[in-house]
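The structure under discussion is supplied below as structure tokens; questions concerning it will follow.
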Amino acid sequence: MVVFSSVVSYELAPNIVSLNWKMVLLLSLGGILVTGSANAINQVVEKDTDAQMKRTAGRPVASGRMSEAEAWTFAFLAGVVGVGILEFFFSWQAAALSALSLFLYAFIYTPLKKVNSSAVLVGAFPGALPCLIGWAAAFDSGPLFNWTGGLLLFGIQFLWQFPHFWAIAWVAHGDYSRAGFKLLPSQQGPTRFTALQAVMYALMQFPVGALPFLFHMSGVVSLGIVALANVFILVQCLRLLKEMSVKAARRVMFSSYIYLPVVFLALLFDKVHQVVN
């Protein structure tokens, strides 16, 4: 999903007028390596808690199949090569943003999960940075470019993460709470307050989702598709608020997996090609 949103954001940039598979594959490779580095660090830091949870007990470090030293080596090499690819083939802005995303995820968000539920808010920043990374990758390191389009896409992915992640945390609440993670907005766990928060963020997606049309990034067709997608995710969040069940939370979770590809692909296929000086 990280690589997908980065590539779509790259292709939505106004100076990208045709599909260049070489650059798309290089951007994907850089993104996979940086993401792999962040995930590897996460698995080293959380090896003990991963071993306590059914859904993560089989991970390489938690299960003992890989040593911490091996994981750190992998994380270092993947991070350096990934950031290097983005700097060499794209721009220093893309490389710097990818390094920032890695740092925020691995060293700020990951330890914060055991401290306070604000970790979800903090984690939403590196979670949405792939949009800015892809946007920045579309421009060279010369004159400053307009960040507006990248920020609009960042906003869409930023808001999307809250219903998405809270639904996951609701479904896996037993595992998470036993491991000491504090990821739901209510200290009491899956409550009506959590469901209400998901509804509020789903509502905020409506005005933010219209911004690419208002800023002439995409056309009226994608505006309609994005609006329908927002209705779809909102309905699932409202059902969670009404039913307050794991089944309803799972519907929100799977709906969110559908939502982001539909929205981003609609924006891409309905892209407004602008004249770039």
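Taking segment 212-228 as the region of interest, how many residues are of a type in the set (G, A, S), surrounded by fewer than 22 Cβ atoms within 10 Å (Cβ to Cβ) and assigned to a helix (DSSP H, G or I)?
Looking only at that region, the number is 2.
So, G30, is that one among the small types (G, A, S), in a helix (DSSP H, G or I) and surrounded by fewer than 23 Cβ atoms within 10 Å (Cβ to Cβ) or not?
No; evaluated as a whole, the condition is false for this residue.
Can you spot a residue in segment 107-118 that is part of a helix (DSSP H, G or I), in contact with a helix residue (DSSP H, G or I) (Cβ under 9 Å, 6 or more places away or on another chain) and among the small types (G, A, S)?
There is no residue in segment 107-118 that is part of a helix (DSSP H, G or I), in contact with a helix residue (DSSP H, G or I) (Cβ under 9 Å, 6 or more places away or on another chain) and among the small types (G, A, S).
Taking segment 37-63, which residues are open to solvent by less than 20 Å² (accessible area, probe 1.4 Å) and either of a type outside the set (D, E, K, R) or not in a loop (DSSP other than H, G, I, E, B) (or both)?
Within segment 37-63, S37, A38, A40, I41, N42, V44, T49, D50, M53, T56, V61 qualify.
Mind checking which pairs have a first residue in segment 61-82 that is of a type outside the set (S, T, Y) and a second that is in a helix (DSSP H, G or I) and loosely packed, with under 14 Cβ neighbours inside 10 Å, Cβ under 9 Å, 6 or more apart or different chains?
V61/E68; A62/D48
To continue, here is another question. May I ask you to list the residues in segment 119-147 that are in a loop (DSSP other than H, G, I, E, B) and surrounded by fewer than 19 Cβ atoms within 10 Å (Cβ to Cβ)?
D140, S141, G142, P143, L144, N146, W147, listed by residue number.
Restricting to segment 168-211, and then to whatever is part of a helix (DSSP H, G or I) and charged (D, E, K, R), can you tell me which residue is least open to solvent (accessible area, probe 1.4 Å)?
Among residues in segment 168-211 that are part of a helix (DSSP H, G or I) and charged (D, E, K, R), the one least open to solvent (accessible area, probe 1.4 Å) is D175.
Here's another thing I want to ask about it. Tell me whether segment 148-167 contains one or more residues that are within 20 Å of V263 (Cα to Cα), open to solvent by 50 Å² or more (accessible area, probe 1.4 Å) and not β-branched (V, I, T).
There is at least one residue in segment 148-167 that is within 20 Å of V263 (Cα to Cα), open to solvent by 50 Å² or more (accessible area, probe 1.4 Å) and not β-branched (V, I, T).
The values are calculated or read from the model by the stated rules, or taken from the named source; none is laboratory data. This is a predicted model, so every value here is computed, not measured. Every residue, glycine among them, receives a Cβ derived from its backbone with ideal geometry; neighbour counts consider all protein chains shown. These accessible areas exclude ligands, DNA and RNA; they are computed on the full protein's heavy atoms, side chains included. Shrake-Rupley method; radii C 1.70, N 1.55, O 1.52, S 1.80 Å.
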